[in-house]
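Participant: My questions will all concern the structure given below.
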Amino acid sequence: MGSIWRPDLVQPIGGGTVILIIMIIVVCEMTAQSCIKQSDQQSVLFFIAIVLYATICYLLFLCYMNRGKLGQINMMWSSVSIVSGVIVGYFIFGESVSMNRMIAIALAIGAVYFAQDTD
């Protein structure tokens, strides 16, 4: 019985596409977190969140199978998630934004900028 993993089925993707996939991951994550925040364990929103997190796993798989570096992809995802989380929290859930959060956003943006590989 053969393996279900067939590397030849994964097409190489460029760096720009990896960034696009990371942005899609962030949108999925923010949507999933919003669903979780508004749901209880028996609601449809909770199930949607589970499906979105499964989608995130598949998108990460695509990034890693295309020679994506774990550290770099995770740093970009985490940093953009920090910024997105504060924005979604402020505009959708009416959460406050303190000076410390503004500093965290600036540092997250700086992390994405400085984490870019030049090799």
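The values are calculated or read from the model by the stated rules, or taken from the named source; none is laboratory data. Note that the coordinates shown come from a computational prediction; the quantities given were computed from them, not determined experimentally. FYI the Cβ positions are ideal-geometry reconstructions off the backbone, even for glycines, and counts take in every protein chain you see.
Participant: Test each condition in (1) farther than 16 Å from VAL27 by Cβ; (2) at pLDDT 90 or above; (3) among the hydrophobic types (A, V, I, L, M, F, W, C) for CYS57 and report the one that comes out false.
Facilitator: Result: CYS57 passes all but (1).
Participant: So which pairs qualify, if the first residue must be in the stretch 89-103 and closer than 20 Å to THR31 by Cβ, the second must be loosely packed, with under 10 Cβ neighbours inside 10 Å and modelled with pLDDT under 95, the Cβ gap must be under 9 Å, and the two must be at least 6 apart or on different chains?
Facilitator: GLY89/SER96; TYR90/SER96
Participant: Also: Tally time: how many residues in the stretch 31-70 are part of a helix (DSSP H, G or I), under 23 Å from GLN116 (Cβ atoms) and in contact (Cβ under 8 Å) with a residue 24 or more places away in the chain?
Facilitator: Residues that pass the stated criteria total 6.
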